[in-house]
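The values are calculated or read from the model by the stated rules, or taken from the named source; none is laboratory data. Nothing here was measured: the structure is a model prediction, and the numbers come from that model. No Cβ is skipped: glycine too gets one built from the backbone with ideal geometry, and neighbour counts run over all protein chains shown. When the accessible area is computed, the model is the full protein with side chains, heavy atoms only, and any ligands, DNA or RNA have been set aside. Shrake-Rupley method; radii C 1.70, N 1.55, O 1.52, S 1.80 Å.
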Amino acid sequence: MSDRKFSVIGTDQVRKEAPDKARGEAIYADDIRLPRMLHGRIKRSDYAHARIISIDTSAAEALPGVKAVVVGSEAPQKYGIVPQAPTETAMAIDKVRYHGEPVAAVAATDPDIAEKALDLIEVEYEPLPVYVNTHDAIAEGAVALHEDNKYGNIAYQARQEFGEVDKAFEESHLVIEKTYKTSYVNHVFMEPHSAVARFDDNGDLRMWSSTQVPHYLHTMLSKVMDMPMAKIHVTVPNVGGGFGGKGEASNNELIAALLSRKARRPVKVIYSRREVFLQHRGRHPIEMKVKMGVDKEGYITAIDYDGLMDGGAYGAWGIIILFYTAAMLHLPYKVKNVRFFGRRIYTNKPTCGPMRGLGGVQPRFALESMMDELAIKLGMSPYELKLKNAIDKKHVTVSGVHVRHSEYKKCLEEVVSESGYLDKHGKLPFGKGVGLAGGYYISGTAYTLYMSYKPHSTALIRLDSESGVTLQCGATDIGQGSNMVLAMMCAEKLGLPYESIHVISGDTKNAPFDLGSFASRVTVAAGSAVCEAADKLIEQILPIAGVALGCRADQLAVGNGEIYSIYEKEIRMPFWDAVEKYIAAHGPLSATGSYTPPRRTGDFKGGNVGHSPTYGFTAHVAEVDVDTETGEVKVVNYNEAGDCGQPINPLSVEGQVEGSIVMAMGQALYEEIKMTPDGRLMNPNLHDYKVPTMRDIPNIKTLAVESYDEDSPFGAKEAGEGPIQPTIPAILNAIYDAIGVRFTEMPVTPEKVLAALAAKGQE
Amino acid sequence: MHLEPFEYEKPNSLVELEALLSKHADEARLLAGGTDLLVLVKEKILSPKMIIDIGDVAALQGITADPAKGLTILAGTKVSTIEHSAEVKEFAPALSFAAAQLGSSQVRHMATMAGNVCHGSPSAETSPVLLAHGAVLTIAKAGGERELPISDFWLAYRKTALAPGEYLKAFTLPALPKNAAVEYAFKGLRGAMEIDMVNVGVYLELEEDLETVKEVRIGMGAVGPIPYRAVKAEAELKGMKVDDAFFAKAGELAAAEATPIDDVRATADYRKKLMSVLTRRAFSAAFARIKGE
């Protein structure tokens, strides 16, 4: 790190909203109760794949207390986060494509009445064949889920090739080829999707929703409701987590708006946990055929990847995620020859989508497992192999992705020394093992999801001697702490305490434009916008202070609530006196800032995807105990060393990293949505879908390596999605070290461990 | 959540409770903690016409320990009370441990052991320990009481020996003789908030020589439609010398008597393997406890 001295940045700060949340006083969308508000409930399909012959809502409409009933044909406009390829409607129209898909909805004065009314809606179906796996869906003669799709049930497919892959394999010293499979998992954020819609007498729509992306919700509401964007106002109250699952419009938001318009009353639509599993947008299960070669010294020669993605019923973020799996092959190691083939398949399942670390977690699992295997076969420590291949401080991939700042090598070095990996790997008794894995993630994206060249983030800061500092930014705090990060940056710039910054965010009218919370973009993008606005304010104030103090403005600085000369201690005045003088002389004092990421692309299909202003890096060591009699895997110790640039709030970084590790550990060991062959979910509840509990969480030690990205606001980079990348392979590599079995599928349940041990014993 | 309507009664005494039960024998359900009952009602699996809340019946609350009679736990006692009770920790530590594994802290503060047992789930946490202890149930109704060994309580999947108008009033765990111990072992996929794949309670009593088995009981859970004892194994193990071979044999015999099925949580084959390992480990732990290790 540099010799920078900060007073707010880099200090552990408790979030301002934390006590409210702990006491249950924080307002979430479900806490909003408007006068005359109705409760909406959704009628869902009893078939996973069927034509809708008829829907009869007359009995439901006749039920006292029912104020509106809507069906799919009332909102036929297709939408999707990728506007070039919309696939969804607010409710199914002619066809249902997964069991539990919305087909109609009711608004009533009471939730019980609305539920009763659902039972009175008669839907007649003509069942179609159900495909719950990719191979069945693309088999010869399979019925297309989407009749207008050009390639049957292949939603998208793409190839990319860099370098001379075949030649590199021929010249390799060692090549491994294997198939890996990841499982069907959900985010399990705490707060189910919740939305309240209200139309005023002017025909304007107000929506309060638990979304990550008020802007994208705004665009999709405009499309589906067929209304100009200016007549729609989206507000995000406190949000109980998103992890990607609230990263596009969900049916409840559109249905709340439709019911509200029809009933002419406010309508709230909240999901049950089962409905969260139906809305889904969880991680794509991918069957990955991966081939990787190394030379004698362990340098990677080539990677060949073929991924078959199970996309579920609709498009959603699918094409973006497909190209992210391609981009993720190129980092954090130097690879000269890369071939990618990816297909995303429609199946009769709740739709997959963006989930923390999207596109990276699956290939990372395969590649880090494979590198571990290659190293051991070469008789080399996996650490040595990974360090040899790790990128340097600056790097350009063969696909043209520029990494302006990396401390990945430091991550590897420090996690290995902190964990004692080299003393343990290959040396612990049978049943105990350690595993190493690394990873990285983007800190934002270079492009919007639709063609646009406007700034991705904007901020407005207003200084007023009466109301204080008001920071307005459309960035959305979904629990990750973006309000805190932006307020801390603003406070540091203005030389004021963090507590004094009032943030207005997550609102399409009361805050200036921001794309939303996804792709770990907010700290760098919105942070840059805030810094620019704050710098402009300082530029405006210092000349005023200079006149008052009889001093050149360029010799003044702000800090501790004062404006002072950097040369003479006694020349100083209170910050707010200068603001007062400015306002008296010039009127209101405010400034805006904006951020547009550097534009880079590649001259190939998907060439826009993967570019980011900067990247975060991380390395993990997991230590496991395997009970060789019951097959139980217990992660006992866990070390992480991460390069997130300068941590803005180290306490929050630690929380993000620990949360990432626990989330991925659940996917490695316990979590899996199970389905019947006819497409019904078997465990859409938190009793049978098993996220880790406090008892399962290992002793975790995280460490932020010395790092400062000179081109980022306060040197910061992402910390919320990179740290989930290496966890699964770190644990699985540790299991290999413990019992000599390499798992290529998740979750690694005790039963699978025991079966594998038995099979190994027979060899 | 849309609930079918029901009548709600909250008696203050056993007399009132028994009167309500005899009058509404067929249509009433007892509410103790509600952690199972209300879930079933909300999911519309059960639609009782009347719910009788026993929360105000003081005569159903409490734990007493008597050196001669043993430990008596009245049916309205919360699982968390059992978990933290000094008497239970002293006279039935395995029960205290099993109670601590049930659900979450919130659930344990609402739920009762009587509910756990009467719900009749084959994987209930406390049932195998009660089987191992040879617990005796006091079953009451208006005008009478009877006693029943817990091994006769479960008749079939979620069916118990409670007749219409009857309720479970108390558990009695006979005082442990000298040289005896009970242990509980379980396995779920994760460490808490689980429906166990397998659980087992074992009772081991040694002769004066501290190496010959005088008596054993094995209570098995989640390996059949009801929690039950491995009676054949128990007969075969009696009189054996306690050593590693005995522990292994106990595991094998218990697994042989287990009749699990494949379900969403585990396969039958894995459950049998698990039963063998857990039973062996539980007996080994019981032996260590007797020897004061």
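Could you give the Stokes-Einstein D for chain A in µm² per second, using the C-alpha Kirkwood radius, 4 °C, 1.567 mPa s?
Values: Rh = 27.2 Å.
Translational D for this selection: 48 µm²/s.
How much FRET efficiency would the formula 1/(1 + (r/R0)^6) give for A:Q157 and B:A156, where r is the Cβ-Cβ distance and R0 is 41 Å, rounded to 0.05? Kindly include the intermediate steps, with their values, before the conclusion.
Values: r = 54 Å, r/R0 = 1.31.
Between A:Q157 and B:A156 the formula returns 0.15.
Out of the trypsin sites (Lys or Arg not before Pro) in the stretch A:271-365, which ones are loop residues according to DSSP with at most 13 other C-beta atoms within 10 Å? Write out the running numbers ahead of the final one.
Details: sites: A:R273, A:R274, A:R281, A:R283, A:K289, A:K291, A:K296, A:K334, A:K336, A:R339, A:R343, A:R344, A:R356, A:R364; in loops: A:R281, A:K296, A:K334, A:K336, A:R356.
Answer in residue order: A:K296.
Report Rg (one decimal) and Dmax (nearest whole number) for the stretch A:241-375, counting Cα atoms only, units Å.
Radius of gyration, then largest Cα-Cα span, for the stretch A:241-375: 19.3, 72 Å.
Where the centroid of each part is defined by its Cα atoms, how far is the stretch B:60-78 from the stretch A:575-609 in Å?
71 Å
For the stretch B:180-290, report the accessible area per residue in Å² (1.4 Å probe, heavy atoms, rounded to an integer).
On the way: 4070 Å² over 111 residues.
Roughly 37 Å² per residue, with all protein chains present.
Please identify, among B:A135, B:A245, B:A230, the residue showing maximal mean-square fluctuation in a Gaussian network model of chain B using a 10 angstrom Cα cutoff.
Most flexible of the set in this elastic network: B:A245.
Which of rounded, prolate, oblate describes the stretch B:141-270, given a ≥ b ≥ c as roots of the alpha-carbon gyration tensor eigenvalues and a/c under 1.5 marking rounded, otherwise prolate only if a/b is larger than b/c?
Values: a/c = 2.08, a/b = 1.17, b/c = 1.78.
Verdict is oblate for the stretch B:141-270.
Taking the Cβ of A:I583 as the centre, find all other residues whose Cβ is under 14 Å away and add up their charges (Lys, Arg: +1; Asp, Glu: -1).
Taking every Cβ under 14 Å from that of A:I583, the sum is -2.
Work from the charge dipole of the protein assembly as shown (Cβ charges, +1 for Lys and Arg, -1 for Asp and Glu, about the Cα centre) and give the residue of A:V485, A:G602, A:G433 farthest towards its positive end.
The Cα lying farthest towards the positive end belongs to A:G602.
Using protein heavy atoms only (no ligands, DNA or RNA), what is the total accessible area buried between B and A, 1.4 Å probe, nearest 100 Å²?
On the way: alone 13490 and 28550 Å², together 39860 Å².
The summed interface area works out to 2200 Å².
What is the dipole size for the protein assembly as shown, taken about its Cα centre, with +1 at each Lys and Arg Cβ and -1 at each Asp and Glu Cβ, in debye to the nearest 20? Don't skip to the end; give the middle numbers.
Details: 114 positive and 135 negative charges, 261 e Å.
Dipole magnitude for the protein assembly as shown comes out near 1260 debye.
Go through the stretch A:93-112 and flag every residue whose accessible area shrinks by 50 Å² or more with all protein chains in place compared to the isolated chain (probe 1.4 Å).
A:D112
Using only protein heavy atoms and a 1.4 Å probe, report how much of A:R265 is accessible, in Å² to the nearest 10.
50 Å²
How big is the dipole moment of the stretch A:278-363 about its Cα centre under a simple scheme where the beta carbon of each Lys and Arg is +1, that of each Asp and Glu is -1, and everything else is neutral? Debye, nearest 20, please.
140 debye
For the stretch B:7-53, with every protein chain kept in place, what is the accessible area per residue (1.4 Å probe, Å²)?
On the way: 2670 Å² over 47 residues.
Spelled out: the 1.4 Å probe surface of the stretch B:7-53, per residue, equals 57 Å².
Restricting the calculation to Cα positions, tell me the Rg (one decimal) and the Dmax (whole number) of the stretch B:58-173 in Å.
Considering the stretch B:58-173 through its Cα atoms, Rg and Dmax are 13.2, 37 Å.
First obtain the Kirkwood hydrodynamic radius of the stretch B:7-53 from its Cα pairs, then insert it into the Stokes-Einstein equation at 4 °C and 1.567 mPa s, and state the resulting D in µm² per second as a whole number.
Details: Rh = 10.9 Å.
Roughly 119 µm²/s, to the nearest whole number.
Would you kindly find the accessible area of A:R404, with a 1.4 Å probe and non-protein molecules such as ligands, DNA and RNA excluded, rounding to the nearest 10 Å²?
50 Å²
Identify the residues of the stretch A:33-71 with backbone N under 15 Å of a label point that sits 7 angstrom from the Cα of A:D136 along the Cα-to-Cβ direction, or state none.
The answer is A:47-50.
Along the positive direction of the dipole of the protein assembly as shown (beta-carbon charges: Lys, Arg +1; Asp, Glu -1; about the Cα centre), which of A:I32, A:Y498, A:Y324 reaches farthest?
It is A:Y324.
Please sort by residue number the trypsin sites (Lys or Arg not before Pro) in the stretch A:1-44 whose DSSP state is loop and whose Cβ has at most 12 other Cβ atoms within 10 Å. Write out the running numbers ahead of the final one.
Details: sites: A:R4, A:K5, A:R15, A:K16, A:K21, A:R23, A:R33, A:R36, A:R41, A:K43, A:R44; in loops: A:R4, A:K5, A:R15, A:K16, A:R33, A:R36.
For trypsin sites (Lys or Arg not before Pro) across the stretch A:1-44 that sit outside H, G, I, E and B with at most 12 neighbouring Cβ atoms in 10 Å, the list reads A:R4, A:K5, A:R33, A:R36.
If you count only protein heavy atoms with a 1.4 Å probe, what accessible area per residue comes out for the stretch A:461-600, rounded to a whole Å²? Let's see the in-between values first.
On the way: 5610 Å² over 140 residues.
About 40 Å² of surface per residue is accessible.
Over 29 Å between C-alpha atoms is what I'm after, so list which of A:K296/A:K393; A:K5/A:K536; A:K231/A:K493 land there. List each step's numbers first, then the result.
Working: A:K296/A:K393 25 Å; A:K5/A:K536 21 Å; A:K231/A:K493 36 Å.
In this structure, A:K231/A:K493 lie more than 29 Å apart at Cα.
Where Lys and Arg each count +1 and Asp and Glu each count -1, what net charge lies around A:I661 among other residues with Cβ under 13 Å from its Cβ?
With Lys, Arg at +1 and Asp, Glu at -1, the neighbours total -4.
Could you name the lysines in cross-link range of B:K23, using Cα to Cα under 20 Å and dropping any fewer than eight places away on the same chain?
B:K23 reaches B:K10, B:K49, B:K141, B:K169.
Would you please give the FRET efficiency between A:E763 and A:K377, computed as 1/(1 + (r/R0)^6) with r the Cβ-Cβ distance and R0 = 22 Å, to the nearest 0.05?
0.80
Ranked by accessible surface with a 1.4 Å probe, highest first, in what order do A:I538, A:I27 come?
Numbers: A:I538 25, A:I27 90 Å².
In descending accessible area the options line up as A:I27, A:I538.
What is the Cα centroid distance between the stretch B:127-206 and the stretch A:373-452, reported in whole angstrom?
So the two Cα centres are separated by 53 Å.
Just round it to a whole percent: the fraction of Cα-Cα distances in the stretch A:10-149 exceeding 23 Å.
Numbers: 5135 of 9730 pairs.
I get 53 percent for the Cα pairs in the stretch A:10-149 exceeding 23 Å.
Evaluate the distance, in nm, between pseudo-label points positioned 7 Å from the Cα of A:T596 and of A:K167 along their respective Cα→Cβ axes.
Rounded to a tenth, the inter-label distance reads 4.0 nm.
Can you compute the charge dipole magnitude of the stretch B:58-173 about its Cα centre, using +1 on each Lys and Arg Cβ and -1 on each Asp and Glu Cβ, nothing else charged? Give it in debye, rounded to the nearest 20. All intermediate terms of the calculation are to be shown ahead of the outcome.
Working: 9 positive and 9 negative charges, 55 e Å.
Here the stretch B:58-173 has a charge dipole of around 260 debye.
Between B:Q106 and B:E208, with labels modelled 7 Å along Cα→Cβ, what's the label distance in nm to one decimal, could you check?
5.6 nm
Label A:D423 and A:E61 with points 7 Å out from Cα along Cα→Cβ: what is the distance between them in nm?
Simple spin-label model gives 7.6 nm for this pair.
Compute a Gaussian network model of chain B, connecting alpha carbons closer than 10 Å, and tell me which residue from B:V231, B:V39, B:V277 fluctuates the most.
Most flexible of the set in this elastic network: B:V39.
Hey, can you list the DSSP H helices of chain A whose Cα span along the axis is 15 Å or longer and whose average Kyte-Doolittle score is at least -0.5?
Those that pass (Cα extent of 15 Å or more, hydropathy at least -0.5) are A:214-225, A:251-263, A:361-378, A:482-494, A:522-549, A:575-586, A:650-669, A:727-739, A:750-762.
For A:R274 and B:A58, what does the FRET efficiency come to when R0 = 51 Å and r is the distance between their Cβ atoms, rounded to the nearest 0.05?
Numbers: r = 40 Å, r/R0 = 0.78.
With a Förster radius of 51 Å, E is 0.80.
Hey, if we sort B:K49, A:K388 by accessible area with the 1.4 Å probe, largest down, what's the order? Could you put the intermediate results ahead of the total?
Details: B:K49 135, A:K388 50 Å².
Sorted by accessible area, descending: B:K49, A:K388.
Among the aspartates and glutamates, select those whose C-alpha is under 13 Å from the C-alpha of A:K701, and discard any that sit fewer than 8 residues away in the same chain.
By straight Cα distance, A:K701 reaches A:E414, A:E418, A:E623, A:E640, A:E654, A:E658.
Using +1 at the Cβ of each Lys and Arg and -1 at the Cβ of each Asp and Glu in the stretch B:245-289, identify which of B:V264, B:A248, B:L274 lies farthest towards the dipole's positive end.
So the residue furthest toward the plus end is B:A248.
Is there a simple number for the mean count of other chain Cβ atoms within 10 Å of the Cβ of residues in B:185-191, and what is it?
Values: counts 1, 0, 5, 5, 11, 11, 8.
Rounded to a whole number, the mean comes out at 6.
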